[in-house]
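No lab work stands behind these numbers, since they all come straight from the coordinates. Keep in mind it's a predicted model, so treat the numbers as computed, not measured.
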Amino acid sequence: MKLISIPKVLREKLGEDGADALLDLINAAGEDIKNDVIKLSEEKFEKRLTEEISKLRVEMSKMYANLIKWMFIFWVGQIGVITAILFAFLKFMR
């Protein structure tokens, strides 16, 4: 925290108690501003994080759908190959 000193002229006008009260008021206002900035930063960060996570979820669902599609194509291909091998084997056995 910064050290604030009140000029001598102002201290003489306000008196010691007034100068101390002014100093306390300035420090309290500084703390309030600091807390407001931190709160605003947290809210902004949480909003941005939520947006990025939702984008990530959309991308993951697209990748999952694409994976299912390719797995289905692979299974159909495998069934075709196994069927062809079985027909060839049965023809060879006759």
Sorted from largest to smallest, which semi-axis lengths in Å does the alpha carbon gyration tensor of region 2-79 give for its equivalent ellipsoid, taking the root of 5 times each eigenvalue? 67, 8, 6
Compute the length gained on full extension between TRP75 and ALA29: take 0.36 nm times their separation in residues and subtract their Cα-Cα distance, giving the result in nm to one decimal. 9.7 nm
Among ARG48, ARG57, ARG11: highest mean-square fluctuation, GNM of the chain, C-alpha pairs under 10 Å: ARG11
With Cα atoms, 0 to 90° folded angle of helix 8-93 axis to the chain main axis: 0
Anyone know which of ILE79, ILE38, ILE68 comes out most mobile in the 10 Å Cα GNM of the chain? ILE79
With 0.36 nm assigned to each residue of separation and the Cα-Cα distance removed, ASN66 to GLU46 gains 4.2 nm
